[in-house]
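Beneath this line is the structure, given in structure tokens, with notes to follow.
The values are calculated or read from the model by the stated rules, or taken from the named source; none is laboratory data. Everything numeric here is computed off the predicted structure, so don't read it as measured data. Note that we place each Cβ from the backbone using ideal geometry, even for glycine, and neighbour counts take in every protein chain shown.
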Amino acid sequence: MEFRCKTFSLNHSHSTMKVGTDAVLLASVVAEFFANFKTENPIIPNTNSNLDARNSEIARHNNEMVGENRIDENGSVENILDIGTGCGILSLCMAQIFENAKITAIDIDEKSVNEATDNFYNSPFAQRMSANTISVQDFAYNTEEKFDLIISNPPFFTSSLQSPDLRRNNARHNAVLSTEDFVLSCTKLLSVNGFVAVVLPEKEMVAMITLFNSKDINPVLITNVFAKPESPLKRKICIFSVSNKENIVPITKTLYIRTANNEYSKHYRQLTSHFLL
């Protein structure tokens, strides 16, 4: 089963999770964030003077982070970790937009890692990519390596009826990787002033934000994703950054995947155009 993107294609027949909207949107939000970060900082203008003052503080803070985060002149980071890579879609997207970065992908499912490895090998970015069968808990414990960007579409189901397929359970349910373990592992693995990018449902993201806040890692961007107007909130995409500044206000955006007429929205098509044909 082949999935084609602009600069690469990949198979996702043997991975626990197939290529889905969540992963593509997460990669697309990261691409847009760093494209804006590189040029003028991703600040949304607002006529409210109080918000303008806050946004000025965010811009100043973001400018500080550019200097400290090993972001080069092309807006790239040097070292990226993909937690729970599956078939490798997030890693491949990151390799496309960060042209000089090394990407390390990890997953506890051996078949997924094997498929990701094949996908990396057959991509234009093969020399910069690797995949390993290991939990993030063990990886964090056994490495001293630090990452400028950690990206993940983590498991989040807690109480829903589990599938008889153990591999799919591990990919979708957080019994193997709790939110607490995820945050603690990221805290150890993140470089000074690094970034973490995650997609989750609202309840799970609120819990993750609280845990990251306790480690002085705070959201700098929150994108609220809705299936279409007047539908309930589907997902939250957050980009976190190391910061002990309590007055930093995250940029908040809204994305509707489809219009009321059930067509893909202009915003969705524009955002995902980084990767989708």
> Taking strands (runs of 3 or more DSSP E) that do not extend beyond segment 102-159, which have at least 2 residues that are farther than 20 Å from residue 28 by Cα?
Replying inline: 102-107, 129-133
> Quick check: is even one residue across segment 239-253 basic (Lys, Arg), at pLDDT 95 or above, outside any loop (DSSP other than H, G, I, E, B) and under 22 Å from residue 91 (Cβ atoms)?
Replying inline: no
> Do any residues in segment 249-274 that are surrounded by fewer than 16 Cβ atoms within 10 Å (Cβ to Cβ) have Cβ atoms under 9 Å from those of residues that are small (Gly, Ala, Ser) and not in a strand (DSSP E or B), where the two are at least six apart or on different chains, and which pairs are they?
Replying inline: 258/227; 258/231; 258/265; 259/265; 273/28
> Taking residue 212, is it at pLDDT 95 or above, over 13 Å from the mean Cα position of the chain (by Cα) and buried (at least 18 other Cβ atoms within 10 Å of the Cβ)?
Replying inline: yes
> Out of all the residues in segment 190-201, which are over 15 Å from the mean Cα position of the chain (by Cα) and either surrounded by 15 or more Cβ atoms within 10 Å (Cβ to Cβ) or without any contact (Cβ under 8 Å) to a residue 40 or more places away in the chain (or both)?
Replying inline: 191, 193
> Name the residues in segment 226-245 that are touching a Phe, Trp or Tyr at 6+ places or on another chain (Cβ under 8 Å) and under 14 Å from residue 30 (Cβ atoms), would you?
Replying inline: 239, 240, 241
> Scanning for something over 18 Å from residue 197 (Cβ atoms) and in a helix (DSSP H, G or I), does segment 258-266 turn up at least one residue?
Replying inline: yes
